[in-house]
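The values are calculated or read from the model by the stated rules, or taken from the named source; none is laboratory data. Fair warning: this is a prediction, and the values are worked out from it, not measured in the lab. Virtual Cβ from ideal backbone geometry, glycine too; neighbours counted across all protein chains shown.
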């Protein structure tokens, strides 16, 4: 379960090992319930992850990265090896020791943070004790983030519409939401589509500043501003 929770917040989620069967139902009923929860979460994150993957394709910059890449002015993260950023929004702190029910998490300075699970807000530049029961991996969202989430689908071969766009206020924000046909190499010829979502902190308004807003959906209906 810990490995699957961790894998949910990696660029690639795979179950490998010496077992003949590695399906989510092959580990017992308790594990199946938790792994199913995280599998559904993984599918929800696909619009975010796919957009990050396209950015990596375009720039070569990794979207799973050490904290010093995003917070170069915070010396406390220079040698921090057990937390990482997944894209610009998510800070992940995996649980790697058996029997742990909490762990220390350092939240980098220079921004505020939201607990991904509870939406509780924290100031940056401090170490907190995060709850980590067996069904929980500590994840935090940087203030000034836009997190697009997708509807549940049977597989990534199925067209996925947006189900929600979460805004974590605190700063102006933007996110380049990318999509393509998911099948061909047309993206190499520029056949994908991008819509830049922008959050204006002063007006508390989310808008599409470039690209085709039509495929994004009804932003007024989809947008959830955390803490409002």
*For segment 166-184, indicate whether the set of residues that are under 22 Å from residue 87 (Cα atoms), more than 19 Å from the chain's Cα centre (by Cα), surrounded by fewer than 16 Cβ atoms within 10 Å (Cβ to Cβ) and at pLDDT 95 or above is non-empty.*
no
_Of the residues 143, 123, 130, only one is crowded, with 20+ Cβ neighbours inside 10 Å, more than 23 Å from residue 52 (Cβ to Cβ) and at pLDDT 95 or above; which?_
130
*Checking residue 228 against (1) surrounded by 13 or more Cβ atoms within 10 Å (Cβ to Cβ); (2) assigned to a loop (DSSP other than H, G, I, E, B), which single condition isn't satisfied?*
(1)
_Name the single residue that is nearest to residue 225 (Cα to Cα) among those in segment 197-212 being without any contact (Cβ under 8 Å) to a residue 24 or more places away in the chain and under 22 Å from the mean Cα position of the chain (by Cα)._
205
*So which of 48, 38 ends up being part of a helix (DSSP H, G or I), surrounded by 15 or more Cβ atoms within 10 Å (Cβ to Cβ), at pLDDT 95 or above and under 12 Å from the mean Cα position of the chain (by Cα)?*
48
